[in-house]
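S.K.: My questions will all concern the structure given below.
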Amino acid sequence: MPKPHSDIGLIGLAVMGQNLALNIADHGFQISVYNRTTEKTTKFVAENPNTPGGLVGTTTPQELVQSLSTPRKIVLLVQAGASTDAVIDSLVPLLAAGDIIIDGGNAKWTDTIRREKALREKGLRFIGSGVSGGETGARFGPALMPGGDADAYKELEPVWNAIAAKVDARTGRPLPGGKPGEPVVGGVPCATYIGPDGAGHYVKMIHNGIEYGDMQMICEAYDLIRGLLGLKAAEIGAVFAEWNQGSLDSYLIEITADILRQKDPVTKRKALVDVVLDTAGQKGTGKWTSVNALDMGVPAPTVAEAVFARCLSAIKEERVAASRILKGPGARKYAGGKKALIQAIHDALYCSKICSYAQGFQLMREAQKEYHWTLNFGSIAQIWRGGCIIRAAFLQKITEAYGRNPRLANLLLDPYFNQTVRKAQANWRKVVALAALHGIPAPTFSSGLSYYDGYRAARLPANLLQAQRDYFGAHTYERVDQPRGKFFHLDWPDPDRPQRDA
Ligand code: 6PG
């Protein structure tokens with residue numbers, strides 16, 4: 001028998017919504033669901049009659065609201081942007097003070113800040129929660145990044161903790177996922193309160209930016225192995241499967257190994273990956289990360305390169321035409337040893353990954369100043385260990401690094417990462433050089449290396465740049481032999497070059 005009032009409600013029964021609703025119901029919470037198309041709701045509820053908590057189908061927002069215990073908690077899994085605003089607007093007149101709306105979509109954090117403020121002014125509470133892990137994560141344990149009203153999160157926390165992926169408290173290792181109706185018990189949930197207003201969605205955006213970087217780096221490793229050694233997809237899959245046993249152990253490496261070893265179900269002969277068209281789509285979170293990096297003046301080239309690589313991939317026809325005109329080194333086999341080269345590419349990938357995460361955490365560090373949040377970087381890395389797309393053993397090293405020094409200026413400065421890059425960098429440099437010599441694009445590998453060399457440079461050529469700015473625009477410069485903050489201007493074209501204080 002359904003309870004008179006459900007514990008929680010959910011709006012939006014697309015793939016993520018359905019899976020999250022089932023996950024919630026599996027953990028004993030009664031959940032009321034609503035979708036704009038009633039048939040979808042009816043079918044969904046009819047197909048899932050025996051969940052431990054129970055699903056209650058509702059046909060109007062009013063019915064949904066009336067079916068909930070107070071304070072009401074309503075999770076939205078609708079398209080980010082205008083649709084989210086429209087659903088919120090339709091709910092507001094139906095809700096009472098203290099009720100809680102939870103946006104589980106990939107909302108832009110600035111929208112979340114705006115919505116939280118607007119709803120707070122109306123006496124309602126708002127949580128913007130990152131939900132990562134795709135369809136399977138939503139169903140069996142996602143990583144959850146909630147931000148917004150802290151008291152409201154206390155009300156939601158039992159549900160979020162129950163449905164999140166779990167990791168071992170000591171090692172950070174993900175605990176095996178449950179089957180339908182058999183929830184994972186024990187362990188630390190991959191859910192933690194991130195901070196006020198848009199903090200949760202901001203951290204989810206950074207997760208996605210990092211996801212873009214990871215995916216592009218893996219593609220570059222694949223392309224280099226293919227181009228330099230001429231290995232077939234399945235052979236490269238075996239390399240990734242081996243890498244997945246070591247320091248690169250991660251979900252994205254694991255699925256890459258799987259993808260590369262699959263046969264095309266149509267031709268039955270070819271590798272499936274070889275018949276997939278080489279154009280990548282994107283929905284915008286990587287772009288937001290890059291735009292935000294530019295806005296805040298934080299160097300984060302890896303995500304930007306990953307976004308641009310997708311853009312370049314998308315202009316397929318133009319590339320095909322250009323390939324007939326623009327000349328460069330053609331595909332030619334690497335003359336050195338295969339094993340050593342594969343190890344070098346592994347090292348290049350690991351070093352580039354370290355730089356990419358260093359940049360992502362730098363972004364969060366700057367954003368917390370900008371938005372007056374206090375982010376716990378160690379625990380952010382920990383909740384990313386299970387359930388989400390970037391889950392990786394490597395994240396434990398980040399948690400440990402922030403455990404050693406919560407005020408770490410850059411991950412590269414942590415002893416573990418510093419030593420790792422020091423040992424592996426000869427291979428990284430070799431791979432970037434080989435990529436250039438063989439005409440194989442490796443934008444994240446090479447920009448990662450430039451980031452590393454730039455970050456460790458006590459002196460950059462910006463002295464010349466600033467001189468140029470002063471020459472044509474009187475933008476002034478500081479001197480190496482004068483205190484910081486003292487500015488000078490020179491009338492450069494004047495042969496006598498009188499220097500003036502600016
Ligand atoms: C996740 C993913 C998820 C989705 C991205 C992909 O954490 O589960 O990040 O949110 O896969 O939206 O974004 P693109 O379509 O831009 O690749």
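The values are calculated or read from the model by the stated rules, or taken from the named source; none is laboratory data. As the structure is a computational prediction, the values presented were derived from the model and not from experiment. All Cβ positions, glycine included, derive from the backbone under ideal geometry; neighbour counts span all protein chains shown. Side chains are part of the model used for accessible areas, which takes the heavy atoms of the whole protein and leaves out ligands, DNA and RNA. Shrake-Rupley method; radii C 1.70, N 1.55, O 1.52, S 1.80 Å.
S.K.: I'm trying to understand the selection: among the residues of the range 170-213, which are at pLDDT below 90 and within 19 Å of Asp249 (Cβ to Cβ)?
M.R.: Listed by number, the residues that qualify are Arg170, Thr171, Gly172, Arg173, Pro174, Leu175, Pro176, Gly177, Gly187.
S.K.: Answer yes if at least one residue in the range 417-425 is open to solvent by 10 Å² or more (accessible area, probe 1.4 Å) and assigned to a loop (DSSP other than H, G, I, E, B), and no otherwise.
M.R.: Looking through the range 417-425, none of the residues is open to solvent by 10 Å² or more (accessible area, probe 1.4 Å) and assigned to a loop (DSSP other than H, G, I, E, B).
S.K.: Oh, and also: List the helices (runs of 4 or more DSSP H) that sit entirely inside the range 32-141 and contain at least 2 residues that are more than 16 Å from the ligand (Cβ to nearest atom), charged (D, E, K, R) and under 20 Å from Met205 (Cα atoms).
M.R.: 109-121
S.K.: Would you be able to say whether some residue in the range 285-295 is over 16 Å from the mean Cα position of the chain (by Cα), open to solvent by less than 70 Å² (accessible area, probe 1.4 Å) and more than 16 Å from the ligand (Cβ to nearest atom)?
M.R.: Within the range 285-295 (the criterion being over 16 Å from the mean Cα position of the chain (by Cα), open to solvent by less than 70 Å² (accessible area, probe 1.4 Å) and more than 16 Å from the ligand (Cβ to nearest atom)), the answer is no, since none of the residues qualifies.
S.K.: Restricting attention to the range 360-368, does a residue exist that is within 27 Å of Ile236 (Cα to Cα) and in contact with a helix residue (DSSP H, G or I) (Cβ under 7 Å, 6 or more places away or on another chain)?
M.R.: No, the range 360-368 contains no residue that is within 27 Å of Ile236 (Cα to Cα) and in contact with a helix residue (DSSP H, G or I) (Cβ under 7 Å, 6 or more places away or on another chain).
Here is a yes/no grid of residues against (1) in a helix (DSSP H, G or I); (2) touching a Pro at 6+ places or on another chain (Cβ under 6 Å); (3) under 21 Å from Leu349 (Cβ atoms); (4) without any contact (Cβ under 8 Å) to a residue 40 or more places away in the chain:
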{"site": "Asp197", "(1), (2), (3), (4)": "no, no, no, no"}
{"site": "Val239", "(1), (2), (3), (4)": "yes, no, yes, no"}
{"site": "Ile259", "(1), (2), (3), (4)": "yes, no, yes, yes"}
{"site": "Lys268", "(1), (2), (3), (4)": "no, no, no, yes"}
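S.K.: Separate question: Pull up the range 434-448, narrow it to residues that are within 26 Å of the chain's Cα centre (by Cα) and part of a helix (DSSP H, G or I), then point me to the one that is surrounded by the fewest Cβ atoms within 10 Å (Cβ to Cβ).
M.R.: Pro443
S.K.: What pairs come up if the first residue lies in the range 468-488 and is without any contact (Cβ under 8 Å) to a residue 40 or more places away in the chain, the second is among the small types (Gly, Ala, Ser), and their beta carbons are under 7 Å apart, counting only those six or more places apart or on different chains?
M.R.: Pairs that qualify, where the first residue is without any contact (Cβ under 8 Å) to a residue 40 or more places away in the chain and the partner is among the small types (Gly, Ala, Ser), are Thr476/Ala502; Tyr477/Ala467; Phe487/Ala502; Phe488/Ala502.
S.K.: Something else about it: Quick one: in the range 273-284, of everything that is under 30 Å from Lys232 (Cβ atoms) and open to solvent by less than 60 Å² (accessible area, probe 1.4 Å), which residue is nearest to the ligand (Cβ to nearest atom)?
M.R.: Gly281
S.K.: Taking Ile259 and the conditions (1) away from the ligand (no atom under 16 Å from the Cβ); (2) surrounded by 13 or more Cβ atoms within 10 Å (Cβ to Cβ), which numbered condition does it fall short on, given that it satisfies the others?
M.R.: All conditions pass for Ile259, except number (1).
S.K.: Among residues belonging to the range 296-320 that are part of a loop (DSSP other than H, G, I, E, B) and of a type outside the set (Val, Ile, Thr), point out the one that is farthest from the ligand (Cβ to nearest atom).
M.R.: Only one residue fits best here, namely Gly297.
Conditions tested, residue by residue: (1) closer than 23 Å to Pro52 by Cα; (2) under 17 Å from the mean Cα position of the chain (by Cα); (3) open to solvent by less than 20 Å² (accessible area, probe 1.4 Å).
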{"site": "Ala138", "(1), (2), (3)": "yes, yes, yes"}
{"site": "Met145", "(1), (2), (3)": "no, yes, yes"}
{"site": "Ala150", "(1), (2), (3)": "no, no, no"}
{"site": "Tyr153", "(1), (2), (3)": "no, no, yes"}
{"site": "Leu156", "(1), (2), (3)": "yes, no, yes"}
{"site": "Ala169", "(1), (2), (3)": "no, no, no"}
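S.K.: Considering each of Tyr451, Tyr471, Tyr455 in turn, give the residue that is over 30 Å from Ile218 (Cα atoms), surrounded by 14 or more Cβ atoms within 10 Å (Cβ to Cβ) and of a type in the set (Phe, Trp, Tyr).
M.R.: Going through Tyr451, Tyr471, Tyr455 in turn, just one is over 30 Å from Ile218 (Cα atoms), surrounded by 14 or more Cβ atoms within 10 Å (Cβ to Cβ) and of a type in the set (Phe, Trp, Tyr): Tyr471.
S.K.: Hey, does the range 410-420 have a residue that's out of contact with any helix residue (DSSP H, G or I) (no Cβ under 8 Å at 6 or more places or on another chain), free of Cβ contacts under 8 Å to residues at least 40 places away in the same chain and more than 28 Å from Ile345 (Cα to Cα)?
M.R.: No; the residues of the range 410-420 include none that is out of contact with any helix residue (DSSP H, G or I) (no Cβ under 8 Å at 6 or more places or on another chain), free of Cβ contacts under 8 Å to residues at least 40 places away in the same chain and more than 28 Å from Ile345 (Cα to Cα).
S.K.: While we're here: Please state which one of Ala424, Ala344, Ala409, Ala401 is over 17 Å from the mean Cα position of the chain (by Cα), among the aliphatic types (A, V, I, L, M) and over 24 Å from Glu305 (Cα atoms).
M.R.: That would be Ala401, the only listed residue that is over 17 Å from the mean Cα position of the chain (by Cα), among the aliphatic types (A, V, I, L, M) and over 24 Å from Glu305 (Cα atoms).
S.K.: Has the range 319-341 got any residue that is open to solvent by less than 30 Å² (accessible area, probe 1.4 Å) and modelled with pLDDT of 95 or more?
M.R.: Within the range 319-341 (the criterion being open to solvent by less than 30 Å² (accessible area, probe 1.4 Å) and modelled with pLDDT of 95 or more), the answer is yes, since at least one residue qualifies.
S.K.: Another question, then. How many of the residues in the range 241-254 are surrounded by 15 or more Cβ atoms within 10 Å (Cβ to Cβ) and either touching a Ser or Thr at 6+ places or on another chain (Cβ under 6 Å) or part of a helix (DSSP H, G or I) (or both)?
M.R.: Of the residues in the range 241-254, 6 are surrounded by 15 or more Cβ atoms within 10 Å (Cβ to Cβ) and either touching a Ser or Thr at 6+ places or on another chain (Cβ under 6 Å) or part of a helix (DSSP H, G or I) (or both).
S.K.: Take Arg391 and decide whether it is basic (Lys, Arg) and touching a Ser or Thr at 6+ places or on another chain (Cβ under 8 Å).
M.R.: Yes; evaluated as a whole, the condition is true for this residue.
S.K.: Okay, moving on. If you check Leu349 against the conditions, is it open to solvent by less than 10 Å² (accessible area, probe 1.4 Å), modelled with pLDDT of 95 or more and either acidic (Asp, Glu) or assigned by TED's automatic domain parsing to the domain that holds Gly237 (or both)?
M.R.: yes
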